[in-house]
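Here the structure comes first, spelled out in structure tokens, and everything after it is commentary.
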Amino acid sequence: MSAERPAAPARFVATHTLLTLDTRHPYAAKSLIDAQDMHRTVMSGFRGWVEDGNRDARAQMGILSTWTLDLRAARLLLVVQSQVPGDWSRIPRAALAAAPETLTLDRTFGAGDTVGFRTVVNPVRSRPSGPGASGTSEKTRGVRVAHTRPDYVKSWFARRLQPPGEPPVAPDGLARLGADADPGRLGVRMLPRVSSPAPHKGLRIARAEITGTLTVTDPGTFVGALTRGIGHGRAYGCGLVLVR
């Protein structure tokens with residue numbers, strides 16, 4: 001019997017832009033207070049690429065984002081990944097603490113490659129919502145419940161790991177990452193939730209930062225995860241996997 005062929009390398013190409021905003025400016029302050037405003041700030045750089053009102057515009061353009069806050073320096077550091085170039089001229093000049101920095105990523109990953117990573121995720125699970133109001137046995141959509149403990153978040157991420165030889169989709173239908181890791185060596189930090197005061201009063205996004213080292217096992221699946229992100233909340237600064 002011949003040995004199994006290693007997975008073919010896969011190429012990842014994307015644009016990363018670093019926006020450094022002054023949190024003392026109302027434009028940046030609103031983005032911090034309201035998750036919908038943060039979403040609008042990100043999407044403001046990509047007008048015209050798809051028709052207005054398109055429901056999956058973000059996904060079509062491959063837009064993901066993540067942000068960190070430097071309270072001491074009063075700086076909001078926003079990283080935006082996209083498959084098309086952004087135009088940030090709509091951001092008020094006074095709100096920018098520095099000119100936008102854009103970098104084109106072009107990297108090929110092969111099985112066995114080891115990378116350091118950081119990601120901010122929305123770690124939720126689906127809880128059955130019970131029988132419908134009509135009393136029938138028709139299946140109803142579950143309610144998303146956030147994990148609030150680091151050990152649960154670590155388990156949430158570990159379920160998405162893909163050991164060598166395993167398929168890209170787990171038996172329960174969960175999409176895997178195309179990479180493996182030692183769960184015991186992952187770092188997890190719970191972050192403040194983000195929300196939208198109105199009119200989206202029900203919008204509350206739990207967040208957790210996960211850091212560590214990944215070993216690529218399925219390059220094609222891994223590049224797909226880098227391109228599309230992981231988990232829920234990808235329109236609100238979650239799911240972008242940054243590697244180095």
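Brief remarks follow.
- Electrostatic dipole magnitude of the chain [Cβ: Lys, Arg +1; Asp, Glu -1; Cα centre; debye, to 20]: 740
- Three-way shape call for the range 154-208 based on the alpha-carbon gyration tensor, with the a/c threshold at 1.5: oblate
- The range 71-114: C-alpha gyration tensor shape, a/c 1.5 cut-off, then a/b vs b/c: oblate
- Each peptide in 167-173, 229-235 receives the mean, over its residues, of other Cβ atoms within 10 Å, and ordering these scores from highest gives 229-235, 167-173.
- Size of charge dipole - the range 196-244 - debye, nearest 20, with Cβ of Lys, Arg +1 and Asp, Glu -1, no other charges: 240
- Between A111, S44, H147, the Cα set farthest toward the positive side of the dipole of the chain (charges on each charged residue's Cβ, about the Cα centre) is that of H147.
- Value of [θ]222 nm, deg cm²/dmol, for the chain, DSSP H segments ≥ 4, -39500 (n - 2.57) each, nearest 500: -4500 deg cm²/dmol
- Candidates D218, D182, D37, ranked by Gaussian network fluctuation over the chain, Cα under 10 Å, top entry: D182
- Surface exposure of the chain, expressed per residue as accessible area with a 1.4 Å probe, stands at 56 Å².
- Here the label points at L103 and R127, each 7 Å from Cα along the C-beta direction, are separated by 4.0 nm in the simple model.
- Of the DSSP H helices in the chain, those whose Cα atoms cover at least 24 Å axially and whose Kyte score averages -0.5 or more: none
- Label selected from (1) 7, 26, 24, 15, 13, 9, 5, 2, 0; (2) 7, 33, 38, 18, 4, 0; (3) 7, 28, 34, 22, 8, 2, 0, the criterion being P(r) over Cα pairs in 10 Å bins from 0, in percent as computed here: (3)
- Accessible surface of the range 1-118, 1.4 Å probe, proportion on carbon and sulfur as whole %: 51
- Ranking S126, G62, Q81 by how far each Cα lies toward the positive end of the dipole of the range 60-130 (charges on Cβ) leaves S126 at the top.
The values are calculated or read from the model by the stated rules, or taken from the named source; none is laboratory data. Note that the structure is a prediction, hence the values are computed from the model and not measured. Cβ coordinates were reconstructed from backbone atoms using ideal geometry, including for glycine residues, and neighbour counts include every protein chain displayed. For accessibility, only protein heavy atoms count, side chains too; no ligands or nucleic acids. Shrake-Rupley method; radii C 1.70, N 1.55, O 1.52, S 1.80 Å.
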